[in-house]
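Here's the structure we're looking at; comments come further down.
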Amino acid sequence: MLNAEFAKRRRDFTVRFSLQLGAAQSVGLFGASGTGKSTVLACIAGVEQPDNGHIDLGGLRLFPPSLPLYQRPVGYLTQEPSLFPHLSVRENVRFGVPKREASNPEYVSWIATLKERLKLAPVWNAPAARISGGQARRVALARMLVRKPPLVLLDEPFAGLDRQLVRELIDDLIFWSKSVGFSMIAVDHQPEVLMRLCPESAMVLEQGQVVQRGAWSKLSSAPATPLLRSLLAQL
Amino acid sequence: MAIRRWIARLGAAAFALALLYPLSALFAHVGAWQWGTQVRGPALSSVRVSLLLTTVAMLIVVSFGTPMAAYIAQCKAKERLLWQAALLIPILVPPLALGILFTLAFGPYGGVGRLLNHWGVAMTNSATAFVATQVYVGMGYYVLGAVAALDAVPPMLQKQAALLGLTPIRVFFRVTLPLARLGLAVSLSIAWVRAIGEFGAVVVTAYYPSGMPVQLWVDLQSFGLPAVMPLLVIFLAVALPLPWLAHVLAQRRSNA
């Protein structure tokens, strides 16, 4: 489904990345801070452009040429929830629903499901600028999932949240990745978060290069680099 | 600590009083204010001219200035500098000099002026000249302020909106514009004040129809201070509340 191979120059190194990911599969991108993990996601999302290579998603060419953001069937969740502060929670969640689909029973029912599962009812009509950080992450997650994107990119979306909330959000994501059937690429500097979110496989980046990929068990038993060994030792 | 704070507060109050002191002249003894037919007719006409034509000028400023500001806000640093330098020129040129240049460029001596004359558009002493001068005077203030207002909208919000399926134009209207609206209002209010109060350029390009600043000057020359005071009060009353309110609202929003 996702077939990507690209390079992107950064100030101190070049990020080189390649990945083939099937439908409803997930992969965790793991590595120390500043190794180019976020750059990889930004290139796939389209908020940054690779210097060369190609990115294809389910028969759709994302790059090159760079497909406009509004045509990319990609959900992108970052550390900052980036809610629209001038809108209410309800308006944020419904933001991506085309006007002509607003009363479509399928959308209405899907939004009601998201609202219930993510416990958004108490803040549903509140201004997005007035809700707590944890609630904002839930709203951002709901807003992204409304369109049921086939590929979801998660760039440390749980940073700064308490463990209980992170656990709940991960459970929600796993639940929906199975029920909706989207693929996931997740970035986090905490291996335990990634192992829960993407238990199937992982990729390790160091200085922009993929130094190891495969099952988590393989990474743990035979880490490719000393840095990876020390990062995994925290587990 | 409290004493220091009070001393600072007193200093600030003295500063504000000094700044507002010229307004006390509204209560100066200049003799009985004149509001006879000789003064009233032209004065009320100048109020109408100023309000109507400045509104038209501001509509033009917003219609053309906002897309320009949106374009500049997306430019890289070097190109942005170029546009901003161009916008600064009408701001920096002294008003009287701008009026003379404007008359020459759009009068019978200029290429565009000849063309406009040929089409029957008078670019001196006409409503068109009045509006065009105000557009030139206010445009730079509006666009530079609007660029700053648009810059303040986090780019990630615009990218998220696009990733949710919105085309660039819809992102602008649903995210960028609502988030920048107070900054845009403040920029427009500055352009409004600058345009409605413009004298130096307008007195050269559009002595007729006379707006309030020109009429104030005419009244001052012809009848003296007692004839100026009523129009001065009207001038302040119609020119100041709108921008003042926009600034206060913007400050409230940024302090919230």
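The values are calculated or read from the model by the stated rules, or taken from the named source; none is laboratory data. The shown structure was predicted, so the numbers you read here are calculated from the model rather than taken from an experiment. FYI the Cβ positions are ideal-geometry reconstructions off the backbone, even for glycines, and counts take in every protein chain you see. Each accessible area value is taken on the protein alone, full model and side chains, heavy atoms only, with ligands, DNA and RNA left out. Shrake-Rupley method; radii C 1.70, N 1.55, O 1.52, S 1.80 Å.
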Inset, instruction - Residue by residue through segment A:41-70, note down the ones that are open to solvent by 20 Å² or more (accessible area, probe 1.4 Å) and within 8 Å of another protein chain (Cβ to nearest Cβ). - result: A:Val47, A:Pro68, A:Leu69, A:Tyr70
Legend entry - Residue satisfying condition, being at negative phi, aromatic (Phe, Trp, Tyr) and either in contact with a helix residue (DSSP H, G or I) (Cβ under 6 Å, 6 or more places away or on another chain) or open to solvent by less than 40 Å² (accessible area, probe 1.4 Å) (or both), within set B:Phe130, B:Phe173: B:Phe130
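Table: residues versus (1) more than 10 Å from chain A (Cβ to nearest Cβ); (2) without any contact (Cβ under 8 Å) to a residue 40 or more places away in the chain.
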{"position": "B:Gly140", "(1), (2)": "yes, no"}
{"position": "B:Met156", "(1), (2)": "no, yes"}
{"position": "B:Leu166", "(1), (2)": "no, yes"}
{"position": "B:Phe173", "(1), (2)": "yes, yes"}
{"position": "B:Gly183", "(1), (2)": "yes, no"}
{"position": "B:Arg194", "(1), (2)": "yes, no"}
Inset, instruction - Filter segment A:55-113 down to the residues that are among the acidic types (Asp, Glu) and outside any helix (DSSP H, G or I), then identify the one that is modelled with the lowest pLDDT. - result: A:Glu80
Inset, instruction - Tell me which residues, restricted to segment A:77-104, are at the interface with chain B (Cβ under 10 Å from one of its Cβ atoms) and of a type in the set (Val, Ile, Thr). - result: A:Thr78, A:Val97
Inset, instruction - Search segment B:142-151 for residues being small (Gly, Ala, Ser) and either open to solvent by less than 20 Å² (accessible area, probe 1.4 Å) or touching a Leu at 6+ places or on another chain (Cβ under 8 Å) (or both), and hand back the single one that is nearest to the other protein chains (Cβ to nearest Cβ). - result: B:Ala149
Inset, instruction - Evaluate segment B:216-225: report whether one residue or more is away from chain A (no Cβ under 14 Å) and closer than 30 Å to A:Val97 by Cβ. - result: no
Legend entry - Flag for B:Gln84 being under 30 Å from B:Phe130 (Cβ atoms) and surrounded by 10 or more Cβ atoms within 10 Å (Cβ to Cβ): yes
Inset, instruction - Sort through B:Val61, B:Val47 and tell me the only one that's touching a residue at least 12 places away in the same chain (Cβ under 8 Å) and either surrounded by fewer than 11 Cβ atoms within 10 Å (Cβ to Cβ) or more than 26 Å from B:Ala146 (Cα to Cα) (or both). - result: B:Val47
Inset, instruction - Considering each of B:Pro226, B:Pro241, B:Pro230 in turn, give the residue that is within 30 Å of B:Gly31 (Cα to Cα) and within 14 Å of the chain's Cα centre (by Cα). - result: B:Pro241
Legend entry - Number of positions in segment B:196-217 that are surrounded by fewer than 19 Cβ atoms within 10 Å (Cβ to Cβ) and either among the basic types (Lys, Arg) or outside any loop (DSSP other than H, G, I, E, B) (or both): 2
Legend entry - Options A:Pro73, A:Pro98: the member that is over 19 Å from the mean Cα position of the chain (by Cα) and of a type outside the set (S, T, N, Q): A:Pro98
Inset, instruction - Kindly indicate whether B:Ala162 is over 22 Å from B:Leu240 (Cα atoms) and modelled with pLDDT of 95 or more. - result: yes
Inset, instruction - Working carefully through the options B:Leu177, B:Leu188, find the one that is within 14 Å of chain A (Cβ to nearest Cβ), within 22 Å of B:Val56 (Cα to Cα) and within 24 Å of the chain's Cα centre (by Cα). - result: B:Leu177
Legend entry - Output for segment A:105-121, where each listed residue is within 14 Å of chain B (Cβ to nearest Cβ) and either of a type in the set (Gly, Ala, Ser) or open to solvent by 20 Å² or more (accessible area, probe 1.4 Å) (or both): A:Tyr107
Inset, instruction - Determine whether segment B:163-175 contains at least one residue that is touching a strand residue (DSSP E or B) at 6+ places or on another chain (Cβ under 8 Å) and outside any loop (DSSP other than H, G, I, E, B). - result: yes
Inset, instruction - Name the residue, out of A:Ala129, A:Ala159, that is within 11 Å of chain B (Cβ to nearest Cβ) and among the aliphatic types (A, V, I, L, M). - result: A:Ala129
Legend entry - Residue, surrounded by the fewest Cβ atoms within 10 Å (Cβ to Cβ), within segment A:168-224, restricted to residues that are in contact (Cβ under 8 Å) with a residue 40 or more places away in the chain and hydroxyl-bearing (Ser, Thr, Tyr): A:Ser201
